[in-house]
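In what follows, a structure is listed as structure tokens, so that the remarks can point back to it.
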Amino acid sequence: MVIEDAETGAEFEVDTMRESVRRDYAARGAARLEKLDRSLGQTGVDVVRLCSGDDYAATMQRFFEQRRRR
């Protein structure tokens with residue numbers, strides 16, 4: 001896969017067939033989300049994560065029920 005740096009326009013190729021590349025990408029993404037959740041939590045912002053494969057209505061219902069209990 002060829003990726004372009006939005007700031008510099010530089011392009012580089014990422015071998016997505018390598019398990020180590022996919023694992024590193026997933027770990028970096030999870031770390032980024034954890035950092036974001038901590039930052040938002042410190043400011044009192046509620047976070048709900050929706051995934052395209054999940055039943056978003058049920059996820060939202062659980063979120064609002066938990067929020068109401070607080």
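The values are calculated or read from the model by the stated rules, or taken from the named source; none is laboratory data. Only a predicted model underlies this, so the values are computations on that prediction, with no experimental measurement involved. So basically every Cβ, Gly included, is an ideal-geometry build from the backbone, and we count neighbours across all protein chains shown. What goes into the accessible areas is simple: the full protein's heavy atoms, side chains included, and nothing from ligands, DNA or RNA. Shrake-Rupley method; radii C 1.70, N 1.55, O 1.52, S 1.80 Å.
Some points to look at:
- Within the accessible area of the chain (1.4 Å probe), percent carbon and sulfur: 52 percent
- In a DSSP loop and with at most 14 other Cβ atoms within 10 Å, the GluC sites (Glu not before Pro) in segment 1-47 are Glu7.
- The angle between the Cα long axis of helix 19-42 and the longest principal axis of the Cα atoms of the chain comes to about 40 degrees, rounded to the nearest 10.
- The chain: calculated mean residue ellipticity at 222 nm from DSSP helix runs of at least 4, using -39500 (n - 2.57): -18500 deg cm²/dmol
- The chain: C-alpha pair distances exceeding 14 Å, %: 76 percent
- What the chain shows is 92 Å² of accessible area per residue, with the surface traced by a 1.4 Å probe over protein heavy atoms.
- Nearest-ten-degree value, helix 56-69 long axis tilted from longest Cα axis of the chain: 50 degrees
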